[in-house]
Amino acid sequence: MGMSTPRAGYGPSFNKFAEMVADDLRGRVARGEVRPGDHLPPETELMDIYGVARPTMREALRILESESLIVLRRGSHLGPLVQEPDGQVLARQAGLRLQMRGTPVRDLAEARAVMDSGIVALAAKRRTPADLREMRACLAAADAARNAADFSRRATDFRVLVVRSCHNQTLTLLAELVASLLRHQYDVVLRKVPEHDGRRFIEQSLARYARLTDLIENCDVAGAVEFWDAHGAIDGEFGMTGLGTAPMLVYS
């Protein structure tokens, strides 16, 4: 694989060497030299490549496993399996940090609102026929939601599809992260919403999403931005009275 070999010697600690090995392997995945679905060399071969002892190598692999970057398969003759990083891991880490800082739910909603205008503008410019089909299919599934909490999860999926139709990887990552954190907050609250209120919320939200989809399909950038600036925050306000200033909860 042509890997560099940070040889163990005097000076850096055991943990430092493990971090160096993990960092080198992580970099090779990031640069596409090793891709998801590929296997790294077996542990003993990696030890020879990097010139480190087994405990150091295992610690390096555990670091990457904790990041969901590899899967360790005990007893396999193959090396660790490289996989796409799990976005939920990033969301949990970000959520923990925000919760430790006492971040209110309103903070997340504001972050999403700031991104929304740019997102719908890009979506109206760049959406493809496949994007539109996925958005329409998501709305059809959302129409069958049993209650407000179930609908909220499908509504989050719809918003993510709108973001993906921007075809901007950075925006997609940030929006998916915020959506994942907000999903947890909404789930807690919307389970308590009366059925009648929940059904009305679902119908009104579906009408807004359908209108936004029409504007995006028609490549109406100004219309999509104007409409969503006026109506996009309504979903986030439903059932959330008093929760906006409360600290967000990832772990309770």
Q) What is the calculated FRET efficiency for Arg31 to Gln93, with r their C-beta to C-beta distance and R₀ = 25 Å, to the nearest 0.05? A) 0.65
Q: Could you work out, for the chain, what percent of all Cα-Cα pairs fall into each 10 Å distance bin, beginning at 0 Å and stopping at the bin that holds the largest distance?
A: 7, 25, 25, 20, 15, 8, 1
Q. Karplus couplings for segment 192-199 from phi (6.51 cos²θ - 1.76 cosθ + 1.60, θ = phi - 60°), rounded to Hz, Gly and Pro as x?
A. 9, 6, x, 4, 4, 5, x, 5
**Q.** Per-residue HN-Hα couplings for segment 117-132 [Karplus 6.51, -1.76, 1.60; θ = phi - 60°; Hz; x = Gly/Pro]
**A.** 4, x, 5, 5, 5, 5, 4, 5, 7, 10, 4, 10, x, 5, 4, 5
Q) Regarding segment 47-141, what are the three Cα extents along the principal axes, ordered largest first, in Å? A) 54, 40, 25
**Q.** nm² value of the averaged projected area, convex hull over the Cα atoms of segment 94-187
**A.** 6.2 nm²
Q.
Can you compute the FRET efficiency between Glu203 and Val160 using 1/(1 + (r/R0)^6), with r the Cβ-Cβ distance and R0 = 25 Å? Round to the nearest 0.05.
A. 0.70
Q.
Compute the orientation-averaged projected area for segment 143-234 from the convex hull of its Cα atoms and round it to one decimal in nm².
A. 6.0 nm²
Q: At 0.36 nm per residue, minus the direct Cα-Cα distance, what do Glu84 and Ser68 gain on full extension? Give it in nm, one decimal, please.
A: 5.0 nm
Q: Please work out how much length the chain gains when fully extended from His196 to Thr170, using 0.36 nm per residue of separation minus the C-alpha to C-alpha distance, in nm with one decimal.
A: 5.5 nm
Q) What percent do you get for the relative contact order of the chain when only Cα pairs under 8 Å and 6+ apart count? A) 22 percent
(Q) Apply the Karplus curve 6.51 cos²θ - 1.76 cosθ + 1.60, θ = phi - 60°, to the phi angles in segment 76-82 and return the couplings in whole Hz, x for Gly and Pro. (A) 7, 7, 8, x, x, 8, 7
Q: Please work out the average accessible area per residue across the chain, using the 1.4 Å probe convention, and give it in Å².
A: 54 Å²
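The values are calculated or read from the model by the stated rules, or taken from the named source; none is laboratory data. What you see is a predicted model; the values in this text were computed from it and never measured. Positions of Cβ are generated from backbone atoms using ideal geometry, with glycine treated the same way; all protein chains shown enter the neighbour counts. The protein model used for the area step is the full one, side chains on, heavy atoms only, and it has no ligands, DNA or RNA in it. Shrake-Rupley method; radii C 1.70, N 1.55, O 1.52, S 1.80 Å.
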